[in-house]
Each structure stands twice: as structure tokens, then as C-alpha cells.
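What follows draws every value from the coordinates through simple rules; no lab data is involved. In this text, all values refer to a predicted model and were calculated from it rather than measured experimentally. Here Cβ is always computed from backbone atoms with ideal geometry, including for glycine, and neighbour counts include all displayed protein chains.
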Amino acid sequence: MDKSQIRSEVIEAISRSADESGWANLAKIGAYLRKKEIRYGRLSRMLKEYDDVVELKIDDSIQPPIAYARIKEA
């Protein structure tokens, strides 16, 4: 799978996993991508490759911290 196809799957994974505010838990995104047989090391590192369309945040107000991603607004 080439990078443009992976980009499309990342966007789809975030869209399908997002809550009403647009943020999706990285665990849910990862589960979707694994079902699509997309291999990655650390998901947060992979998503940084698409920082032109993906925004990341970490909620460290709870333990363990939870990472989220959303599609950047145009």
C-alpha cells in the first residue's frame, strides 16, 4: 500500500472513530488500521507523517494519558 492510500485510510479511520467534537482515541484508530492490515510501529509517530491533515493531542489529566487525533480543519 502506498503512502497516498495509507493517508486515505488514516483519514477514514479518524472519521469513523471520532466523537462529536471530532477527536478520535488512538486506540480506536489503531484497531481500524490493523483490520485494514496497515502496519506501523508507534501510531503517534506514523500520524505525525500526516501532520498536514492530522492534529494530535494528549490528555494527561488522567492516568495513563490518552492520545487523540482529529482531521485538521481547512
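Worth pointing out:
- Residues Asp52, Asp59, sorted so that the one with the fewest Cβ neighbours within 10 Å comes first: Asp52, Asp59
- Degrees separating the helix 26-35 axis from the principal Cα axis of the chain, which is the longest one: 20
- Dipole axis of the range 3-71 (+1 Lys, Arg; -1 Asp, Glu on Cβ), positive-most option in Ile11, Tyr40, Ile58: Tyr40
- The mean sequence separation of alpha-carbon pairs under 8 Å and at least six residues apart, normalised by the residue count of the chain, gives a relative contact order of 32 percent.
- With Cα atoms, 0 to 90° folded angle of helix 3-17 axis to the chain main axis: 40
- R0 of 30 Å, Cβ-Cβ distance Met1-Ser61: FRET efficiency to nearest 0.05: 0.25
- Within the range 3-71: Cβ-based charge dipole about Cα centre, in debye rounded to nearest 20 (Lys, Arg +1; Asp, Glu -1): 380
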